[in-house]
Amino acid sequence: MISQDSSYPDCESTCSKVAELKERIEELEEVVEELRREKQELRGEKQELEKKLNYQKEKYARLWKEHRKFVGGPHKPSSKKTRAEKEEEKRRKRERKKKESGEGDTGREDEEDEGKGKRGRKPGHKPAWRKKPDPKEEIDVTQDKCEDCGNPLGDPTDSHTRMIEDVPDPEPPTATQFNIFEYYCESCDKEVVATHPDCPDVGDYGPNTLVQATLFKFEERLPNRKTADLLETLYGLEISHGTVFKLTERVSKCLKPHYESIRGELRSAEALHVDETRFSVGGGNWWLWSFSDNEHVLYRLVNSRGSNVLEEVLGEDFDGWITPDGLSAYPAFTDKLQRCWSHLFNESEYAAARFEEAVPIDEKLHEIYDQLNEFLEEDPPPSEREKKKERAMDAMKEITEEEYEEEKVADLITYIENGMGHWFTYVVEPDVDPTNNQAERDLREPIVIRKIIGTLRNEKGTRIFERVMTMIATWKRQGLNPKDEMLRIVRG
């Protein structure tokens, strides 16, 4: 247009169309200029909004990070964790497993999650059928007439069998009168009273009642009132809940020498798992301790969490290894310890889920532990075990020599340093376990009972509890039937 306008200077004066177009161009240029200015203004507004949005995102992330510091803990129960916490734990475990196995992202994460945790028999697993009992009675089920029209049915055309198991109707308790004769022994110069295994020295109830009431309360976790109700429902035996307590007390007195025998066995054990948990007695805080090896479990319920409990149960001369948590009472009692790696992973995973600088620490700890387990699978000789222990300890010390900004991460390092001499005992001592999971499992049943009953009323109840629970747990660990064993002891 410019070239044409300069080439034909007289067109504008002779052609109105050219003049209109030139005016239109000027108008459009003004519009373009206006749009350019608006665009520049909108761009500035966008930048301001982006700054505000980024600030809000940073503020939210900072507040959420601070919030996560004070919510929960490494030992927070799963039932109290938020959904985000659970998902984060699952994500980290998946990433760690993939990294350990050398696998990358397969894109099948959702499919794995969908198949994980499904109930029922896994593909390829043979079904386990319950063995059918031999029948003690056979009953022919016949019919003469059709139930709809009343027509006679004649002879059967076919038959099949069904095996039905049932329990007998509740039977009333038996009452037995024992005529007990007394004698005089001239040789000993004393009176002798005849005894019978089904006639207890004290009380009016027989061994079966004593044992059944005790098992209802401690193995089936029933309060005294519910135990009394069940005895009446099953056997027609009417007793009060106070009587139930007295029955369990008599059983615990019979179990006392066996309880002390287990204490003696544990004092000579090569390695023990020990743990403790809160237990309310009379509304106050007491502590339930568990001590166990491969064949015995012993519970001690006291109002102390100090090393004096270890001395009282195990004796001052105890020379075995102990796998505990990080309680200071254990190193105050003995130096022969193996600190629990499960507790260590709880601490490291908790820190790694909240602080980025703790992630390498958590990954390194898992790497050290996995390499040690692979090494021990070959059952190496003592000399190689000692060298491997030293190398693993050096690798852990490298972690503690770094500087960390977050306070919680620094606390994790302190936790590692406090147990530095006791993390690798299991590498050179084959009888020692690297975790205290066995003690945690030993406490599960008492904890369930604690949640049901709330509190024990007095110290007498604590002695009953620890003796009965000790014997039941020990018998189960040895593959024995608690009812049969308890009945044998009560009968004397």
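The values are calculated or read from the model by the stated rules, or taken from the named source; none is laboratory data. Computed from a predicted structure; not experimentally measured. In this analysis, Cβ positions are derived from the backbone assuming ideal geometry, glycine residues included, and neighbour counts consider all displayed protein chains. Quick note on the areas: whole protein, heavy atoms, side chains included, nothing else; ligands and nucleic acids left out. Shrake-Rupley method; radii C 1.70, N 1.55, O 1.52, S 1.80 Å.
If exposed trypsin sites (Lys or Arg not before Pro) are those in a DSSP loop with at most 10 other Cβ within 10 Å, what is the longest stretch of the chain that has none?
Within the chain, the longest run free of exposed trypsin sites (Lys or Arg not before Pro) spans 163-492.
Between the DSSP loop rule and a limit of at most 11 other Cβ atoms within 10 Å, which GluC sites (Glu not before Pro) in region 397-484 are left?
E401, E402, E403, E405
Expressed as a whole number of Å, what is the distance separating the alpha-carbon centroids of region 372-449 and region 173-204?
Here the answer is 59 Å between Cα centres.
Please enumerate, by chain and number, the lysines with C-alpha under 24 Å from the C-alpha of K253, excluding those fewer than 8 residues away in the same chain.
Result set, ordered by chain and number: K217, K226, K460, K476, K483.
What's the FRET efficiency of K122 with H160 using the Cβ-Cβ distance as r and R₀ = 22 Å, to the nearest 0.05?
Taking R0 as 22 Å, the efficiency between K122 and H160 is 0.10.
How many percent of DSSP beta bridges within the chain run antiparallel, rounded to 5?
Antiparallel bridges make up about 80 percent of those DSSP assigns within the chain.
What angle, in degrees between 0 and 90 and rounded to the nearest 10, separates the Cα long axis of helix 224-235 from the longest principal axis of the Cα atoms of the chain?
60
For K387, list the lysines whose Cα falls under 25 Å from its own Cα; do not include residues on the same chain fewer than 8 positions away.
Those lysines meeting the cut-off are K336, K364, K397.
Here are labelled values, (1) 21.8, 64; (2) 24.1, 85; (3) 38.8, 161, and one is the computed Rg and Dmax of the Cα atoms in Å for what I pasted. Which one?
Of the labelled values, this structure produces (3).
Post the alpha-carbon centroid distance, region 298-334 to region 243-271, in whole angstrom.
Using only Cα atoms to place each centre, the spacing works out to 19 Å.
Ignoring any ligand, DNA or RNA, what whole percent of the accessible area of region 341-427 comes from carbon and sulfur when the probe is 1.4 angstrom?
Here carbon and sulfur together make up 41 percent of the probe-accessible area.
Suppose we flag chymotrypsin sites (Phe, Trp or Tyr not before Pro) only when DSSP calls them loop and at most 12 other Cβ atoms lie within 10 Å. Which is the longest uninterrupted stretch of the chain?
Counting only loop sites that pass the neighbour cut-off, the longest clear stretch is 182-492.
Suppose all protein chains stay in the model; what accessible area per residue would a 1.4 Å probe give for the chain, in Å²?
69
Classify region 358-403 as rounded, prolate or oblate from the Cα gyration tensor: take a ≥ b ≥ c as the square roots of its eigenvalues, call it rounded if a/c is under 1.5, otherwise prolate when a/b beats b/c and oblate if not.
oblate
At 0.36 nm per residue, minus the direct Cα-Cα distance, what do S261 and E138 gain on full extension? Give it in nm, one decimal, please.
Extra length available between S261 and E138 comes to 39.4 nm.
Karplus couplings for region 373-381 from phi (6.51 cos²θ - 1.76 cosθ + 1.60, θ = phi - 60°), rounded to Hz, Gly and Pro as x?
5, 5, 5, 6, 4, 7, 6, x, x
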